[in-house]
Every structure is written in structure tokens, then in C-alpha cells.
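The values are calculated or read from the model by the stated rules, or taken from the named source; none is laboratory data. Small disclaimer: the values here were computed from a predicted structure and weren't measured. Every residue, glycine among them, receives a Cβ derived from its backbone with ideal geometry; neighbour counts consider all protein chains shown.
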Amino acid sequence: MTDRDDAPVVGIDLGTTNSLVAHWVDGAPQIVRDAGGHPVHVPSAVSYLPDGTYVVGQAAVERAAMAPAETVLSVKRLMGQGLADLRPEVRGHFACELVEVDRQRVDVKVGEATYSPQEVSAQILGELKRRTEAVLGPVQDAVITVPAYFDDSQRQATRTAGKLAGWNVLRIINEPTAASLAYGLGDKHTDGVIAVYDLGGGTFDLSLLRVQAGTFRVLATCGDTFLGGDDVDRLLVDVALKSLAEKGLPTADPRLKARLRAAAERAKIALSTEATTVMRLREPTLGVNLELELSRADLHTLMDPLLERTLELCQQALTTAELTVEQVDELVLVGGSTRTPYVHERVGAFFGRAPHVGLDPDQVVAQGAAAQAGILAGHTSDLLLLDVIPLSLGIETYGGGVTKLIMANSAIPTQTTEEYSTPKDNVTAIDLHVLQGERELVADCRSLARFKLRIPPMPAGMPQVEVTFLVDADGILHVSALEKRSGAEASIEVTPVHGLTEEEIDTIMADSITHALEDVRVHQLIDLRNESATVIRATQRTLKAEGAKLTPEQRTAITEAAATLEALCKHEDNQAIKAALEELNKQAEPLAELVLNRVAQDSLSGKRLDEIEVS
Ligand code: AMP
């Protein structure tokens, strides 16, 4: 192992409900802890306040109950998705308004403002950065994890969010790959199949990975985006409600359900270490005094159907990967719900092996990401890691078919070249349509990009068009086309398929650099308003003094530009104010020139400014 550089590098587990940071220190990944020794852990929630500011993390979760429509929870479910991609239960999950921007982007609307999922994620990632920097000092480099099933647009959306928050995103890697790395599975000597069973609060994922000479390949993923520990809590609440009803106690108050949910979670967690517990709730205002005895056996009976469902999904993944359970060499458990010993038992029994459980299941993904960051930053050469692309990439061929150039699960970086010709005479432009997906027809795949290659007219079959697909280490696709006879070339980088244009990214970047995006925006607004007021005042003064020398059209243009700017300054659209300020400066140029000429004339006795030679 070599320590080349002391600059901290971190790994970020950007979770659906919680996010966590780990760093590479003394040759190992460790969770970043604050001065009190608590992990830097931020609930993935943002709440927008009426004054235009926002709060992130626990404060946002607490605000969710009173201001659900102003609070965004689980934004990860929206990343890189169009409205059509969202299942009804995902849509139903959002209490704030969702607006479709394009096929690959749904924004959240709070009051008059809209926020892209990338911006909301950036606000979470920005909070993680602030809290990490409070402990470690300035940090730039980060590896961020995503679920193995995330497609190209979801990965790119995550990368953009990292960039917006001021991180230098070294790499986007798969969560199960990170969890495996945290357990040291994946060094150059490991060879075999790893099953990563991830049961969190609201989601379940099973990934089967093949690790070979430091390369991770996703063989299959299966999951349920609405299955997890929260369901166990709900079942316990039902038991408690039944017991209350049997005693003739009231059960209808919605506040009661929320209190019971918390009591249920406490009881469930207690049963991870105790054989029995009592689920208690004393709520005199609601007329409730609950004392429900629960044993591990009770919990197991409740959990059985949920665990059966996860095991069915495990079997499904094995079938997809054409593997038998005996071919699985390692089992890794991830997610808070795998702390229940019964989960170890059932999952271990299914796979016929003891799971890796030495690390905190909530922290393994962040730790693995930090290990990968350590590798990329050159802090260690013990591990080598390559990831794979999740979906096949190809181009449209005549008749609406898709030819795949790079197959799903190819290790990245990877490159393929294929040669094509034209079936018609005198074609002068070849349309290249880049697609992603496993299906054969264009209509069933996701369109990533289109571009044109212009070539000189030739008879059918003569052009020799070489198309190259290169997927770089981040999973970003670069496509180029070369007609070999004429040397005509065209190429594109397939960005931003998540629906944010480069321009929008730049605009957001300008508004929101490293730290609190909103702070920067508000500061910029104040600066812009001040500058605008100064320019308006100066222009009006000069117009009064020198305006007679301008044409009536020039005077009107200046007056109108000043009025527009003044009106816009009453609102909070920084970009619009900036544009109006530029417009006023432009319209006032003849006026400024007049002033300069007069000043120059005054001091140079009659010489015009544009005649003065500047040496
Ligand atoms: P995650 O989404 O990975 O943070 O997992 C959160 C879920 O883990 C929630 O449903 C928690 O109730 C559950 N959880 C946390 N700690 C424990 C524990 N000690 N035993 C059982 N479940 C737990």
C-alpha cells in the first residue's frame, strides 16, 4: 500500500432515506464522525421554507409532518426518470407536486419554485459536504454510490448532483459492489459469485455479482422498491390497533398511528437483541394505554411473508443469472433491517452459508465507496476495481431495429467498433440514433442521442462507416462515426440524457457553487439588485444630462430597458435580472460613449476618443 497524497477522499452512500459519508484513513475506510463521535448521517430530505430558503436532513424530516407539500423525501426515486417511468405507487409516495419537464426529467414544484431532482440531491450532497468539511477540512474528491439497476440517465443525474454540490465526483459505483469492497471481497485474488442482500426501511434489492481478478460484473438484480422494515412496523401497528379495539379503546385518531409506528419500530429493534419486549404507548389525551407483550416468535410470524417474498426475488435473480444457489460463494447483508437475527437465519439458510455481518449494515456501502475512493486517489494499490454497464448500448438500423455494440454487464471502460454501409445511392447524411436497452426494436429501447454524419454522395454499399462506442470509466458513452473513404467524421458524448442541458447545469452551477446553494443564490440576488440600482440611477442621471444628443429611439430603448430591470428587481429570478442588467448596459452604450467622448474632449482639447491612440 502506498500513501501518495494526504488530501481526504470520501465515499458517499446517497440513500433513498438516509445518506452517509466515509473517508479513507490510515489505510482503511472509516465513517466520518462529528466532534461528538456521531456518524455524519443526513436523512435524504429537503424542505423548502416560504422565505425561499431550505432545510436539509433531520430538520426537513421533522417539517414533513406539518408541511408535506413543501418537503421532498426519497428524491432518489425521481433521479433520471420521466413521469412515464414512475410507477403509480412511486408517484403516490410524493406529497409535493411533480411536473414533467421532459421524457427523462420530473421536477418537484413547491409554491412557485421548481427544483430538478439533481438540485434536490445536490442540496443533500451539499449538506453532507458541509458537515464532512466541518470535521475533515476542505474535501473535494468523492465516490458516490447508486443502485446496481440504475441506468445511464440515473447515473448521470447523480453525477450532475454531485457536481452541483461542489464535489469532484471521482466515480459512480454500484451499491452492492461497494458493500462487497467494504468486506474486502474484490481484491485481485477473489474469484467467485457474491450475493448482496440489501433490506432497508423501504426497499429491497438483491444483486448477484461475479468478481474476477478485481472486476465486478452484475449478473442479475432483483428487488422491490416498496418492501422493507417499514412494512414490519406497519404490521406491528396493526397488531396493536387490534389489541386496542378488543379492549374497546379508540383507534381512529391519525396521531395515534404515528405514535404507534414509532413504538412499533422501537419494539422491533429491541427484539433484535432481546427475546421478548413490551410495546408501550401511554397517550392519556387519546385515551390510550397500550402494553403489548411481544416475543421474537411473534415478530418472526409477522415477518415470514415479507422474508418469503425477498427469497422469491433471490430465486428469481439466480434464475436470471442461470446460477444455482450452490454457485454463490459469498453472502453480504446490507441495510438496517438485516440487523434482525431472524433475517440472517432465513437468508443464510436460503443461500446455505453464513453471511458477512461483521460491519454495520447501514455503513458498509459508504465504507466501500470510501475504499474505492482510496483506490482511485492512489492511496492503495491493493485493490483494483472495474464496474460494468447495466444495459446494452446500440444504434438504430434500417427498419427500426437495434444493433447492440456493447452488451449489458460489459466491464468498463470498454470500446467496440463496427462497420456499416448505406443501402441507398447518393446518401449525403447518415442519421445515427444511439439507444439503450435489451430489446430488439427502437420503440422498446430508450433513446439516448441522435447525431448526423455528413458524407459525399456515393453509390449504395460504397460508404464504409465505422461506428465506435466507447464507455469511459464513469459509464459515460462517447460515440463517433468515421466514413473511411472520405474521412468524414462526427462524434458526440452522450450527455445529459437525464434532461438537464449543459446550459442549465452551468446556470445552476453559477447560482450554486460549493456550499449552500440557496445562500449563494440569495447573495447573488442581493448583489444583482444593488448593482442594478446603481446602474439605473447612473443611467437616468446621464440621460437627463446628455440624452438630447441621442436619437429618440435610443432614448426610448434606454428608458424601457431601465424600467424592465427595475420591475424584475422586485422578483427573485437572478438570471432574468442579470439578463436585464446586461441589456440596459448594452442599450446605454451610446450614452456611455457620449460621456467618454465629452470627458476626453474636455481634457484633450477637442480630440475625439476614438481618435486617441492607445500605446
Ligand atoms: P436503512 O434504510 O438501511 O437505513 O434501514 C432502516 C430500517 O432498518 C428501518 O426499518 C429500521 O427500523 C431498521 N432497523 C434499524 N436498526 C434495526 C435493528 N437493530 N433491528 C431491526 N431493524 C432495524
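Working only within the stretch 329-356, note down all residues that are of a type in the set (A, V, I, L, M, F, W, C) and without any contact (Cβ under 8 Å) to a residue 60 or more places away in the chain.
A349, F350, A354
In this structure, is F216 within 16 Å of the ligand (Cβ to nearest atom) and either among the hydrophobic types (A, V, I, L, M, F, W, C) or under 24 Å from the mean Cα position of the chain (by Cα) (or both)?
Considered against the rule, which asks whether it is within 16 Å of the ligand (Cβ to nearest atom) and either among the hydrophobic types (A, V, I, L, M, F, W, C) or under 24 Å from the mean Cα position of the chain (by Cα) (or both), F216 comes out as no.
Quick one: which strands (runs of 3 or more DSSP E) lie wholly within the stretch 247-359 and hold at least 3 residues that are at pLDDT below 95, over 27 Å from L20 (Cβ atoms) and of a type in the set (S, T, N, Q)?
Working: elements: 276-283, 288-295, 330-334.
No strands (runs of 3 or more DSSP E) qualify here.
For the stretch 187-205, state whether one or more residues are out of contact with any Lys or Arg (no Cβ under 8 Å at 6 or more places or on another chain), at pLDDT below 90 and buried (at least 24 other Cβ atoms within 10 Å of the Cβ).
Scanning the stretch 187-205, I find no residue that is out of contact with any Lys or Arg (no Cβ under 8 Å at 6 or more places or on another chain), at pLDDT below 90 and buried (at least 24 other Cβ atoms within 10 Å of the Cβ), so the answer is no.
Select from the stretch 9-27 the residues that are of a type in the set (V, I, T), part of a strand (DSSP E or B) and within 16 Å of the ligand (Cβ to nearest atom) and list them in ascending order.
Correct list: I12, V21.
Does L306 count as within 16 Å of the ligand (Cβ to nearest atom), in contact (Cβ under 8 Å) with a residue 40 or more places away in the chain and surrounded by 15 or more Cβ atoms within 10 Å (Cβ to Cβ)?
Values: within 16 Å of the ligand (Cβ to nearest atom): yes; in contact (Cβ under 8 Å) with a residue 40 or more places away in the chain: yes; surrounded by 15 or more Cβ atoms within 10 Å (Cβ to Cβ): yes.
When the stated conditions are applied, L306 passes them.
Run down V325, V334, V347, V288 and say which single residue is of a type in the set (V, I, T) and surrounded by fewer than 16 Cβ atoms within 10 Å (Cβ to Cβ).
Only one candidate passes the filter, namely V325.
Test D198 against the stated conditions and say whether it is acidic (D, E), on the phi < 0 side of the Ramachandran plot and within 16 Å of the ligand (Cβ to nearest atom). Show your work before the answer.
Values: acidic (D, E): yes; on the phi < 0 side of the Ramachandran plot: yes; within 16 Å of the ligand (Cβ to nearest atom): yes.
Here the answer is yes, as D198 does meet what is asked.
State which residue is farthest from the ligand (Cβ to nearest atom) when the search covers only the stretch 221-230 and only residues that are in contact (Cβ under 8 Å) with a residue 40 or more places away in the chain and surrounded by fewer than 22 Cβ atoms within 10 Å (Cβ to Cβ).
Checked the stretch 221-230; the qualifying residue farthest from the ligand (Cβ to nearest atom) is C222.
Quickly run through the stretch 264-281 and pick out the residues that are within 7 Å of the ligand (Cβ to nearest atom) and of a type in the set (K, R).
Passing the criteria: only K268.
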